[in-house]
Amino acid sequence: MTTDKKAGKFLAWLRITRLQFYPMTWLAYTMGAVAYSAASGKLNLVLYFLGYLILFLIELCTILANEYFDYPSDRNNANFSIFTGGTRVLVQGELSFGEVRRGIFIVLASIPVFAFLLLKVCAGVSQSTIAFLLFVGLLFGLGYTVPPLKFSYRGVGELVVAATHSMYVILCGYVFQGGVWKDPLPWLLSTPLFFAVLAGNTLAGIPDRQADLAVMKKSIAVMFGSRVAVLLAIWSVCMAFLSAIALVNLQVIRMSPFYWWLLVLPHGLVLLCYLLRLLGSDDFDKRIDVIMALALGYIIWFGLLPIISLLR
C-alpha cells in the first residue's frame, strides 16, 4: 500500500469514529464521577480513566455498527453533513464492509479485557452492578441499529440515545466510583441533560427523514412528520433549561441561577429562534447544520455547569 493510500485509510478511520460527539459523553460521565466525589470527598482516578475508556470503546463500537447497518439509509441521504447521515466512508468506498466489520470485532473484543481490569480494581464497589451497567451499555448501544433489536428502526431510537447519553453515562460515573445506583443525585442531575440530548437527536432525524423513510427507519420525524419533530425539540429545549433551574432552586446544583440566565438562556433563545424560523418555512427536506451545531452546543452546558458547581 502506498503512502497516499495509507494516509487515506487513516483519515477514513478517523472520520468514521466521529470524534466530535464524544465530549458530550465524557462530560456526562465526569458529572457522575464528580457528583460522587462531592458527596464522599474522594475520587479514584484509576477507576475514572479505566471506566471512561470502556465507555469510549462502547461508543466507538456503537458508531462503527451504526455506520455499517445504516448503509442503506446513508447511501440515499441527500442531506448528509458532519452532524447527520453518517460519515459516508462506506458509501464512498473509502473503507470496505470487511474492514469495518473487523474494526467492530476488534473494539468489541477489547471491551471485556478492560472490563475485567475495572472489576479487579474496583474494591468496595459492587462488581455485579458494574458488570450489569456495562452489559446495559452494550445492549442499548449496539441495539440502536444492530439486529434483532434495532431500536432506531422501532420508534424508540431518540429515547434510547437521550437516556444512554444522560442517565446511563452519569450513573456509570457515579457507580464506578462507589456510589449506589438508587441514590437520587445522579438521576436528578441527568434530567436536564436528557431533555437537551432528546432535542438534538430528534432534530438530527429531520434531514435524514426521506432516506430513513425509504428503509423504514422509524425516527420521530418519519413517524410523526418533521413539523412534530421540531415542536418536540422546542419543548425539549425549554424543558432542559427549566429543569436545570428547578435543580438550582432545589440546591441540587449549587450554583447561582445568574450563570444559567446569562449563559444558557441566550443560547437556548437563539436555538429556539432558528427552530421557529424552520417551523415557519415549512421546508424541512434540507440540511440544518446551524441548528444542529446550536443544539449540540446547548447540550454541553448541562454537563459543564453542573460539573463546575460540584467542583466548588
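Ordered by packing density, taken as the mean number of other Cβ atoms within 10 Å over each peptide's residues, highest first, how do 98-108, 24-34, 188-198, 64-74 rank?
Averaged packing, sorted descending, gives the order 188-198, 24-34, 64-74, 98-108.
At a 10 angstrom cut-off on C-beta neighbours, averaged per residue, how do the peptides 204-212, 301-309 rank from highest to lowest? Show your work: numbers first, answer last.
Details: 204-212: 23.6, 301-309: 21.8.
By packing density, highest mean first, the sequence is 204-212, 301-309.
Kindly put 153, 274, 174 in sequence by how many other C-beta atoms sit within 10 Å of each C-beta, fewest to most. Spell out each step's value before the answer.
Working: 153 21, 274 16, 174 27.
In increasing order of surrounding Cβ atoms, one gets 274, 153, 174.
Counting other beta carbons within 10 Å of each Cβ, put 288, 300 in order, fewest first.
Values: 288 23, 300 16.
The fewest-first ordering by Cβ neighbours comes to 300, 288.
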Hits among aspartates and glutamates - C-alpha to C-alpha of residue 286 under 16 Å, sequence gap 8 or more where chains match: 74, 208, 212
Cα centroid separation - segment 53-77 against segment 95-124, whole Å: 15 Å
Projected label distance in nm at residue 246 and residue 286, using a 7 Å step from Cα toward the beta-carbon: 3.6 nm
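Values quoted throughout were computed directly from the atomic coordinates according to the rules given, and no laboratory measurement underlies them. Not measured: the values here are computed from a predicted model. Methodologically, a virtual Cβ is constructed for each residue, glycine included, from the backbone with ideal geometry; neighbour enumeration extends over all protein chains shown.
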